[in-house]
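Enquirer: Below you will find the structure I want to go over with you.
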Amino acid sequence: MKYRELFSPVKVGSITIKNRFAMAPMGPLGLADANGGWNQRGIDYYVERAKGGTGLIITGVTFFDQVVEKQDPSTVPNPLYKPVSFVKTSREMTERVHAYGSKIFLQLSGGFGRVTIPTNVGDIPPVAPSPIPHRWLDKTCRAISVDEIHAIVKQFGEAAFHAKRAGFDGVQIHAVHEGYLMDQFAISMFNQRTDEYGGSLENRLRFAREVVEEIKSRCGADFPVTLRFSVKSMIKDWRVGALPGEEFEEKGRDTQEGLEAAKLLESYGYDALDTDVGTYDAWWWNHPPMYQEKGLYRTYCKMVKEVVNIPVFCAGRMDDPDMALEAVKNGVCDVIDLGRPLLADPDYCNKLRAGRVGQIRPCISCHEGCMGRVAEYSLLNCAVNPQAARERVTAYEPILAAKKVMIIGGGVAGCEAARVLAIRGHRPKLYEAGGRLGGNLIPGGAPEFKADDIALADWYARELERLSVPVHLNTKVTKDDVLRADADTVIVATGSTPKVFTLGDDEHVYTASQVLLNEKDCGDTTVVVGGGLVGCETALWLARHGKKVTVVEALDQIMAVNGPLCHANKDMLAALLPYDGVQIVTGAKVTGYRDGRLSVSTADGEKQLACDSVILSVGYQEENELYHELEFEVPEIHLLGDAKKVSNIMYAIWDAFEVANHI
């Protein structure tokens, strides 16, 4: 009953959504077929979120342009490449979504312009409102012609017509948002035109106005058209974004102009504004990593809500149901967008409505399975949910006979294996040498900005208890213990240990794990050796707690290896370190530590860094000794997680799911 208000209906244009939750649009990479329709994976993916209780499904962005930005139709669905194929596959999806009482909007793209991502769409000739620098490539974009603008507008109407025919309840326009082509027209920094599409704010929004007018003309005034809208750009300069709390001169759209734009967009006929902040020049705002606070768009959504009379959607790490409830109650927004949280748990809404909040699997904002894979491999997945966008091929396999499975190690790999085995009907038992489940999630989750790592560890503990999996903590398992257990299958997931080496005064040399767990006090001044992800996050955490921190990295740049896959995470962390006072020394090798001074060899010669301690963050070593003792003694044995190969959370969970689902 606490969250009942989140399950009250809300109108968007002519339609009524059954609750206050929408699935935020996320790029549907890997969800298209060769004919520009949806493949089975895409259909299953969206239907699963409707089945999970989401009121409105907003698909990831679909392209349609056959004139200016022609793209491979198998990248994402395309309603104009082969409309018959698109309508046919879409109809199957929309009919299934409607069976669960959910509504579904198709998100239509106005084009990339200067932000084309070569790994996704190829090296197509980039366009923009004016000859301006490309975001990623060392190129100058060509100015799009008026005839090309008109062609795109007309195609918007055609695409929306086919969307309506295919059973979509409305469309969302992508967008005056994130610095895509239509947003480039709206921002004076990018739009230097002197014709009717440049100059005043009204002229710069003419593209967006013509789009909604064309769609309403083709589909009827009662066909809902919403807009993805960024109130503020957060641009310090070309390709340079601002950080939270930083004072800077806005070079893009400032808040005042954003609110004026919101009022104009409502007057043009848009039925809702799906609101955020940022651009690709500051893309850690639109794709917020764990270093951004939860609910980071609420202030801006509230401002928009106060100047328009149409519904306002709010995304941005809104997975905390108490925060969501407060936002709706206090008039911050009308609808809560859940993007990555619905990748992590498609049943979020049903679990919340039923009062099973503790069963909601948390998103850890890592971007490894979603945005990182979208940008690098044109695939949409989830690090903590191996079934996301793979629902059919990873469905739980039925079993013929229950097996006794002994799992050694209570990190994410061991926990995921136990969870899957229990769901399928096997009889797993888990043994963990430490006092709690979670493995490297526990030290990794020590910084406040990594709290969701701890939430994931706690979720696994609750799930194993709910599934009645026996868990034996503080239990060091030996070879003899395994052989006496007479298990049908053994899973060894004993994790990894930090790599260490001597520097001389080893009494004041610690591992990052020891410091993160407060087992060692690093003093007021410390040097972190190793500029990978763990080293950089440890340094940031210590700096925010008042420590003077230097990072020493052997390579020419930090996070060159073992860094986040997603540039939003990597770039933000790299920017935060100097902003929070962390000194960085690259191309350097530590040679010794004595009398409170660390010797560092650089291309410029030997340096001495005064410090109270040295923190080693130079990687981890697989802990697989027990597996090798057993591999010829146990008929069915598996090695999982870091014990198999030191990697990230995603592959530990994915590999564990794959193996446990086929035992």
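Enquirer: Of everything in the stretch 320-329, what is in contact with a helix residue (DSSP H, G or I) (Cβ under 7 Å, 6 or more places away or on another chain) and open to solvent by 30 Å² or more (accessible area, probe 1.4 Å)? Give them in sequence order.
Expert: Looking only at the stretch 320-329, we keep the residues that are in contact with a helix residue (DSSP H, G or I) (Cβ under 7 Å, 6 or more places away or on another chain), and these are 321, 324-325, 327-329.
Hit for the stretch 320-329 is LYS329, nothing else.
Enquirer: It is to be established whether one or more residues within the stretch 501-513 are in a strand (DSSP E or B), modelled with pLDDT of 95 or more and over 30 Å from LEU630 (Cβ atoms).
Expert: There is at least one residue in the stretch 501-513 that is in a strand (DSSP E or B), modelled with pLDDT of 95 or more and over 30 Å from LEU630 (Cβ atoms).
Enquirer: From the list VAL477, VAL469, VAL482, VAL490, which residue is more than 24 Å from LYS645 (Cβ to Cβ), of a type in the set (A, V, I, L, M, F, W, C) and open to solvent by less than 60 Å² (accessible area, probe 1.4 Å)?
Expert: Exactly one of VAL477, VAL469, VAL482, VAL490 is more than 24 Å from LYS645 (Cβ to Cβ), of a type in the set (A, V, I, L, M, F, W, C) and open to solvent by less than 60 Å² (accessible area, probe 1.4 Å), namely VAL469.
Enquirer: Go through (1) assigned to a loop (DSSP other than H, G, I, E, B); (2) touching a Gly at 6+ places or on another chain (Cβ under 8 Å) for LEU400 and report which single condition fails.
Expert: It fails just one condition, (2).
Enquirer: Looking only at the stretch 560-581, count how many residues are open to solvent by less than 10 Å² (accessible area, probe 1.4 Å) and under 18 Å from LEU542 (Cα atoms).
Expert: Total meeting the criteria: 4.
Enquirer: Return the residues of the stretch 242-289 that are among the acidic types (Asp, Glu) and either closer than 24 Å to ARG114 by Cβ or within 28 Å of the chain's Cα centre (by Cα) (or both); say none if nothing qualifies.
Expert: GLU246, GLU247, GLU249, GLU250, ASP254, GLU257, GLU260, ASP271, ASP274, ASP276, ASP281
Enquirer: Output the number of the condition that GLY372 fails; it satisfies all remaining conditions of (1) farther than 23 Å from LEU296 by Cα; (2) of a type outside the set (Phe, Trp, Tyr); (3) modelled with pLDDT under 95.
Expert: In the conditions (1) farther than 23 Å from LEU296 by Cα; (2) of a type outside the set (Phe, Trp, Tyr); (3) modelled with pLDDT under 95, GLY372 misses (1) alone.
Enquirer: Any chance the stretch 384-392 includes a residue that's touching a Leu at 6+ places or on another chain (Cβ under 6 Å), in a loop (DSSP other than H, G, I, E, B) and at pLDDT below 95?
Expert: Within the stretch 384-392 (the criterion being touching a Leu at 6+ places or on another chain (Cβ under 6 Å), in a loop (DSSP other than H, G, I, E, B) and at pLDDT below 95), the answer is no, since none of the residues qualifies.
Enquirer: Of the conditions (1) in a loop (DSSP other than H, G, I, E, B); (2) open to solvent by 10 Å² or more (accessible area, probe 1.4 Å), GLY36 clears all except one; give me its number.
Expert: In the conditions (1) in a loop (DSSP other than H, G, I, E, B); (2) open to solvent by 10 Å² or more (accessible area, probe 1.4 Å), GLY36 misses (2) alone.
Enquirer: Quick one: which of ARG427, ARG419 is of a type outside the set (Phe, Trp, Tyr) and open to solvent by 30 Å² or more (accessible area, probe 1.4 Å)?
Expert: ARG427
Enquirer: Next question. Inside the stretch 352-371, can you point out the residues that are of a type in the set (Lys, Arg) and without any contact (Cβ under 8 Å) to a residue 60 or more places away in the chain? Write out each step before concluding.
Expert: If we filter the stretch 352-371 for residues that are of a type in the set (Lys, Arg), which is where we start, we get 353, 356, 361.
Matches in the stretch 352-371: ARG356 only.
Enquirer: Which numbered condition trips up GLN292, out of (1) open to solvent by less than 10 Å² (accessible area, probe 1.4 Å); (2) in a loop (DSSP other than H, G, I, E, B); (3) touching a helix residue (DSSP H, G or I) at 6+ places or on another chain (Cβ under 7 Å)?
Expert: So the condition that GLN292 fails would be (3).
Enquirer: Which helices (runs of 4 or more DSSP H) does the stretch 83-168 wholly contain that include 1 or more residues that are open to solvent by 50 Å² or more (accessible area, probe 1.4 Å), more than 20 Å from THR59 (Cβ to Cβ) and not acidic (Asp, Glu)? Let's see the steps before the verdict.
Expert: Details: elements: 83-99, 118-121, 146-165.
It comes to 118-121, 146-165.
Quick grid of which residues meet (1) touching a Leu at 6+ places or on another chain (Cβ under 7 Å); (2) closer than 27 Å to ASP281 by Cβ; (3) among the polar types (S, T, N, Q):
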{"residue": "THR586", "(1), (2), (3)": "yes, yes, yes"}
{"residue": "ASP595", "(1), (2), (3)": "no, no, no"}
{"residue": "LEU609", "(1), (2), (3)": "yes, no, no"}
{"residue": "SER613", "(1), (2), (3)": "no, no, yes"}
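Enquirer: Another one. What number of residues within the stretch 262-284 satisfy the criterion of being of a type in the set (Gly, Ala, Ser), part of a helix (DSSP H, G or I) and surrounded by 24 or more Cβ atoms within 10 Å (Cβ to Cβ)?
Expert: Kept after step one, since they are of a type in the set (Gly, Ala, Ser), are these residues of the stretch 262-284: 262, 267, 269, 272, 278, 282.
In the following step, the residues that additionally are part of a helix (DSSP H, G or I) were identified as 262, 267, 282.
Okay, now just the ones that are also surrounded by 24 or more Cβ atoms within 10 Å (Cβ to Cβ), so 262, 282.
Result for the stretch 262-284: 2.
Enquirer: Please go through the stretch 363-379 and give me each residue that is open to solvent by less than 20 Å² (accessible area, probe 1.4 Å), of a type outside the set (A, V, I, L, M) and farther than 25 Å from ASN39 by Cβ, ordered by number. Give the steps one after another, and end with the answer.
Expert: The initial filter retains those residues of the stretch 363-379 that are open to solvent by less than 20 Å² (accessible area, probe 1.4 Å), namely 363-365, 367, 369-370, 372, 374-375.
Now restrict to residues that are of a type outside the set (A, V, I, L, M): 363, 365, 367, 369-370, 372.
If the condition is that a residue be open to solvent by less than 20 Å² (accessible area, probe 1.4 Å), of a type outside the set (A, V, I, L, M) and farther than 25 Å from ASN39 by Cβ, then SER365 is the only one that fits.
Enquirer: Answer yes or no as to whether LEU609 is in a strand (DSSP E or B) and farther than 20 Å from GLY444 by Cβ.
Expert: Yes.
Enquirer: So, in the stretch 225-242, of the ones that are open to solvent by less than 10 Å² (accessible area, probe 1.4 Å) and part of a loop (DSSP other than H, G, I, E, B), which residue ends up farthest from GLU158 (Cα to Cα)?
Expert: ALA242
Enquirer: Condition first: out of contact with any helix residue (DSSP H, G or I) (no Cβ under 7 Å at 6 or more places or on another chain) and either farther than 30 Å from PRO288 by Cβ or at pLDDT 95 or above (or both). Can you find one or more residues in the stretch 560-568 that meet it?
Expert: Scanning the stretch 560-568 turns up no residue that is out of contact with any helix residue (DSSP H, G or I) (no Cβ under 7 Å at 6 or more places or on another chain) and either farther than 30 Å from PRO288 by Cβ or at pLDDT 95 or above (or both).
Enquirer: Next up: Consider the stretch 250-261. How many of its residues are open to solvent by 30 Å² or more (accessible area, probe 1.4 Å) and among the basic types (Lys, Arg)?
Expert: Within the stretch 250-261, residues that are open to solvent by 30 Å² or more (accessible area, probe 1.4 Å) and among the basic types (Lys, Arg) number 1.
Here is a yes/no grid of residues against (1) open to solvent by 10 Å² or more (accessible area, probe 1.4 Å); (2) part of a loop (DSSP other than H, G, I, E, B); (3) modelled with pLDDT of 95 or more; (4) among the aliphatic types (A, V, I, L, M):
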position	(1), (2), (3), (4)
CYS382	yes, yes, yes, no
ALA395	yes, yes, yes, yes
LEU437	yes, yes, yes, yes
ILE442	yes, no, yes, yes
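Enquirer: Cβ-Cβ distance below 6 Å, separation of 6 or more or different chains: which pairs start in the stretch 601-624 with a residue that is crowded, with 20+ Cβ neighbours inside 10 Å and end on one that is among the acidic types (Asp, Glu)?
Expert: none
Enquirer: Taking VAL534 and the conditions (1) of a type in the set (Val, Ile, Thr); (2) open to solvent by less than 10 Å² (accessible area, probe 1.4 Å); (3) part of a helix (DSSP H, G or I), which numbered condition does it fall short on, given that it satisfies the others?
Expert: So VAL534 meets the others, but not (2).
Enquirer: Turning to a different aspect of this structure: Cβ-Cβ distance below 6 Å, separation of 6 or more or different chains: which pairs start in the stretch 1-15 with a residue that is assigned to a loop (DSSP other than H, G, I, E, B) and end on one that is open to solvent by less than 60 Å² (accessible area, probe 1.4 Å) and modelled with pLDDT of 95 or more?
Expert: Taking only residues 6 or more apart or on different chains, the pairs are TYR3/PRO321; TYR3/LEU325; TYR3/LEU352; GLY13/PRO224; GLY13/ASP271.
The values are calculated or read from the model by the stated rules, or taken from the named source; none is laboratory data. This one's a predicted model, so the numbers in the text were calculated from it and none came from an experiment. All Cβ positions, even for glycine, are placed from backbone atoms using ideal geometry, and neighbour counts span all protein chains on display. With ligands, DNA and RNA removed, areas are computed over all heavy atoms of the protein, side chains included. Shrake-Rupley method; radii C 1.70, N 1.55, O 1.52, S 1.80 Å.
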